[in-house]
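All remarks here apply to the structure that follows.
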Amino acid sequence: MIKFLDLQAQYASIKPEIDEAIQSVLNESSFIGGPHVATFEAAFAEFQGAEHCVGVGNGTDAIEIALEALGLPAGSEVIVQANSFIASSEAITRAGHRVVFADVDPDTYLLDLEDVAARITSKTAAIVVVHLYGRPANMAEVKALASAHNLRIIEDSAQAHGAEHQGQRVGAIGDIGTFSFYPGKNLGAYGDGGAIVTNDADLARRCRMIANHGRTDKYLHEFEGRNSRLDGLQAAILTVKLPHLDRWIDRRNDIASTYRTELADIDGLTLPNDVPEGDRHAYHLFVLRTSRRDELVEHLSNLGIPTGKHYPVALTAQPAYSQNESARSDFVANAHGAQLVSLPIGEHLTVDQAHEVAAHVRAFFTDATA
Ligand SMILES: Cc1ncc(COP(=O)(O)O)c(C=O)c1O
């Protein structure tokens, strides 16, 4: 049976380690803060090649806290791509800034940097770069654009743990990067969780304080912050999973290359572009584009093959942004909403299963009797 996500199979594959980690948190009652959080933060910083990691409550808070820590002027314009999960833009508004959408590049589904350049004004202070679907953005180009206009870079890496741009893990290539450990992510907790990474010690310190009531000490608060902390249980679980992540991402890449080979050159079907030499895709999602999306979804569903839609309504077409002047209806991202379909991908699948899925997709497009 082919599943889109199989957290039970993942748990079964590492059960003794997970059970032991949970038991030790229970034995120590180290529920908030404590050694498990510190251990995970150090391990994740090292994994991502960042100097600092601050665990927070979830990936949405991570973006909001990162933006706040950057200390941008209130009401600044922050540019973000038109297709993402709403957290990428929601956090900008929550942090007291204005969301300015830029279109996506139809080849990568990431920010179209020419469109970004066209949207920069004297009020633009930052860019939220989303490594959507686990694909690393071209950070060299993003950095060149940002430094030409004195903009800060936040990397929303919620879908891209382990992705690399030219040998460097995403997250701390820009000023600050954010991660989600929502259970279905490539690195998922058993509840909500998130993290911020940066190479800037002062930014890391401010994030930590914002996430913990502006504390400098237990009863001393330098400013008003909030409560957004990664808890001990999640940290212990994530510490167990982290050493498996590279292997899991390799499997995702094996499945992606099977899909890529078997689904090449089909009329009416657009595959995601391969990443450039030297980059590593984390393949959180494998997203196809076709004008026959709904028919394909139904066809696969009838065969017991689940699919996803990421995302069926672009941010720029959401009611939440009906008053946002930058949300243009002629965005490529808006048209994609009806065409995107995600095939199953994950370490729970075998390459044989990927062949099976691909064969059914190919038959749908090429076999009149399918
Ligand atoms: C691109 C992106 N950004 C941010 C988030 C927010 O993460 P969380 O659900 O942990 O708040 C998610 C995931 O849900 C996401 O996919």
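Every number in this text was worked out from the coordinates using simple rules, so none of it is lab data. It should be emphasised that the depicted structure is a prediction, and the values quoted were computed from it without experimental measurement. Cβ placement follows ideal geometry from the backbone for every residue including glycine, while neighbour counts extend to all protein chains displayed.
Key figures
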| read-out | value |
| --- | --- |
| Mean separation of Cα contacts under 8 Å (6+ apart) over length of the range 243-366, as relative contact order % | 39 |
| Computed over the chain: relative contact order in percent, which uses C-alpha pairs under 8 Å that are six or more apart | 22 |
| Whole-Hz ³J(HN,Hα) from phi, Karplus 6.51 cos²θ - 1.76 cosθ + 1.60, for the range 139-153, glycine and proline x | 5, 4, 5, 4, 5, 4, 5, 5, 6, 5, 10, 6, 9, 8, 10 |
| Inter-probe distance in nm under a simple model that places probes 7 Å from Cα toward Cβ, at LYS15 and ASP267 | 5.1 |
| When each of LYS3/LYS241; LYS3/LYS185; LYS123/LYS185; LYS218/LYS241; LYS15/LYS185 is checked by Cα-Cα distance, pairs over 23 Å | LYS123/LYS185; LYS218/LYS241 |
| Centre separation in Å (Cα based) which lies between the range 131-146 and the range 172-216 | 19 |
| Pairwise label distance in nanometres, GLU46 with PHE31, each label 7 Å out on the Cα-Cβ vector | 3.0 |
| Antiparallel %, DSSP beta bridges [both residues in the chain], to 5 | 60 |
| Highest-MSF residue in the chain out of GLN166, GLN48, GLN23 [GNM, Cα springs under 10 Å] | GLN23 |
| Per-pair calculated FRET efficiency, R0 = 25 Å: ALA338 and LYS3 via Cβ, rounded to 0.05 | 0.50 |
| Amide H partners (placed H, <5 Å) of HIS221, local residues excluded | THR216 |
| GNM flexibility winner over the chain from ILE22, ILE92, ILE153 (Cα, springs under 10 Å) | ILE22 |
| Relative packing of peptides 183-193, 1-11, 70-80 - highest average C-beta neighbours within 10 Å first | 183-193, 70-80, 1-11 |
| For the range 77-122: span of alpha carbons on each principal axis (Å, largest first) | 31, 27, 7 |
| Max mean-square fluctuation residue, GNM over the chain, Cα-Cα springs under 10 Å, options ILE237, ILE249, ILE32 | ILE32 |
| Whether the chain is rounded, prolate or oblate, judged on the alpha carbon gyration tensor where a/c under 1.5 counts as rounded | oblate |
